[in-house]
Amino acid sequence: MAFRSGFVSIIGRPNAGKSTLLNKLVGEKVAIVTPKPQTTRNRILGIVNVPARKGRPAGQIVLIDTPGVHKPDSSLNKKMMREVHAALEGRDAILLIVDATQKFGPGDRFTLDLVKRVGGPVFLLLNKIDRLEKARLLPIIAEYSQLHDFCEIIPISALTSDGLELLLDRVMAVLPEGPRYFPKDQITDQPERFLAAEIVREKVLLETAQEVPYASTVVVERWEESPRLTSVAAVVYCEREGQKGIIIGRRGEMLKKIGTAARHEIERILGTRVFLELFVKVRPGWRESREFVEELDWRKQV
């Protein structure tokens, strides 16, 4: 069978499990994951090299993870929705992922309508079946099958990998014959410095509460590499002095905790020792600043 390849976008509401699915299929962490909605703010590309097996050709799936679909109310949120729309252009298939433990609501309708408008093959993934009694699946499948002519409705657990081999089989069946777009050992197109910034932001999201995670972003300002050490200086931006105080913590304990956790993970990814310096700066209303939000896009930085 001829080699197949193509671009597949992962679309869904916040916290549906898009980034968990991306990481599981790629086999490495290329997107940060937290329980907080709107963790993903950019399109994130993950490359899956699919081996041949009985009835399935070998191929390469270029997955595009996207921010959760929502109605935007700030420059940052508008930028996130532009990322979603960009991911829907020029793709060969769409994976519409929903949280099967949640009832279908207005946000799901909004997301489905978005997918319907762009057309093309759409697989509906009923995620988090590890939290669901099997008897509840059939009614959910029946409900969704009335809403759109999906290629297939596939129950999965991105967390446990249940259903993912079947998903790969079905996706490969609709992809065209094509080239290997990326080298076999490449898993993402993200620069390492952007991934490092995202890892720091992930730790801020995990360690802080209320409005602080959503009012924070991270920019790497210095990146110096040597054979045995990578030196990184990053700034955590927030919007108010009170948020800065929370991120730094009493006697700097919170910032140290965030930095230590981020450094260990960056070292694992880079395979070198890392010296990580973190600074916290207040930039009032940065989420409403289109200019600043655009500067956060690594594609523009490079």
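Kindly establish whether residue 32 is within 16 Å of residue 97 (Cα to Cα) and among the hydrophobic types (A, V, I, L, M, F, W, C). I'd like the intermediate steps shown before the answer.
Numbers: within 16 Å of residue 97 (Cα to Cα): no; among the hydrophobic types (A, V, I, L, M, F, W, C): yes.
Here the answer is no, as residue 32 does not meet what is asked.
Looking at region 152-166 only, could you name the residues that are of a type outside the set (S, T, N, Q) and in a loop (DSSP other than H, G, I, E, B)? Give the steps one after another, and end with the answer.
The first filter runs over region 152-166 and keeps only residues of a type outside the set (S, T, N, Q), leaving 152-156, 158-159, 162-166.
156, 158, 159, 163, listed by residue number.
Just name the residue that is surrounded by the most Cβ atoms within 10 Å (Cβ to Cβ) out of those in region 196-241 that are farther than 15 Å from residue 298 by Cα and of a type in the set (Asp, Glu).
202
Looking at the structure I just gave you, is residue 293 under 26 Å from the mean Cα position of the chain (by Cα), in a strand (DSSP E or B) and not basic (Lys, Arg)? Outline the logic, then answer.
Details: under 26 Å from the mean Cα position of the chain (by Cα): yes; in a strand (DSSP E or B): no; not basic (Lys, Arg): yes.
For residue 293, the condition - under 26 Å from the mean Cα position of the chain (by Cα), in a strand (DSSP E or B) and not basic (Lys, Arg) - is not met.
Looking at region 52-66, which of its residues are out of contact with any Ser or Thr (no Cβ under 7 Å at 6 or more places or on another chain), farther than 17 Å from residue 29 by Cβ and buried (at least 16 other Cβ atoms within 10 Å of the Cβ)? Break it down stepwise before answering.
As a first pass, look at region 52-66 and keep what is out of contact with any Ser or Thr (no Cβ under 7 Å at 6 or more places or on another chain): 52-58, 61-63.
So of that shortlist, the ones also farther than 17 Å from residue 29 by Cβ come out as 52-58, 61-62.
56, 57, 58, 61, 62 - these are the residues of region 52-66 that are out of contact with any Ser or Thr (no Cβ under 7 Å at 6 or more places or on another chain), farther than 17 Å from residue 29 by Cβ and buried (at least 16 other Cβ atoms within 10 Å of the Cβ).
Scan region 25-45 for residues that are touching a helix residue (DSSP H, G or I) at 6+ places or on another chain (Cβ under 9 Å), more than 15 Å from residue 83 (Cβ to Cβ) and of a type outside the set (Val, Ile, Thr) and report the count.
The total comes to 5.
What's the number of the condition residue 83 fails, among (1) more than 19 Å from the chain's Cα centre (by Cα); (2) in a helix (DSSP H, G or I)?
(1)
Looking at (1) without any contact (Cβ under 8 Å) to a residue 40 or more places away in the chain; (2) of a type in the set (A, V, I, L, M); (3) under 19 Å from residue 160 (Cβ atoms), which is the only condition residue 21 fails?
Every listed condition holds for residue 21 apart from (1).
Pairs under 7 Å by beta carbon, first residue at pLDDT below 90 in region 80-92, partner part of a helix (DSSP H, G or I), six or more apart or different chains?
Here the result reads 88/118, each pair linking region 80-92 to a residue that is part of a helix (DSSP H, G or I).
Take residue 107 and decide whether it is closer than 25 Å to residue 198 by Cβ, more than 11 Å from the chain's Cα centre (by Cα) and small (Gly, Ala, Ser). Before the answer, list the steps.
On the way: closer than 25 Å to residue 198 by Cβ: yes; more than 11 Å from the chain's Cα centre (by Cα): yes; small (Gly, Ala, Ser): yes.
Judged against the criteria, residue 107 is a match.
Restricting to region 237-285, count the residues that are in a strand (DSSP E or B) and touching a Ser or Thr at 6+ places or on another chain (Cβ under 6 Å). Quick ask: steps written out before the conclusion?
Looking only at region 237-285, we keep the residues that are in a strand (DSSP E or B), and these are 237-238, 273-282.
Narrowing further to those that are touching a Ser or Thr at 6+ places or on another chain (Cβ under 6 Å): 237-238, 274-275.
Total meeting the criteria: 4.
The values are calculated or read from the model by the stated rules, or taken from the named source; none is laboratory data. The structure displayed is predicted, hence computed values, not measured ones. We place every Cβ from the backbone using ideal geometry, glycine too, and count neighbours over all the protein chains shown.
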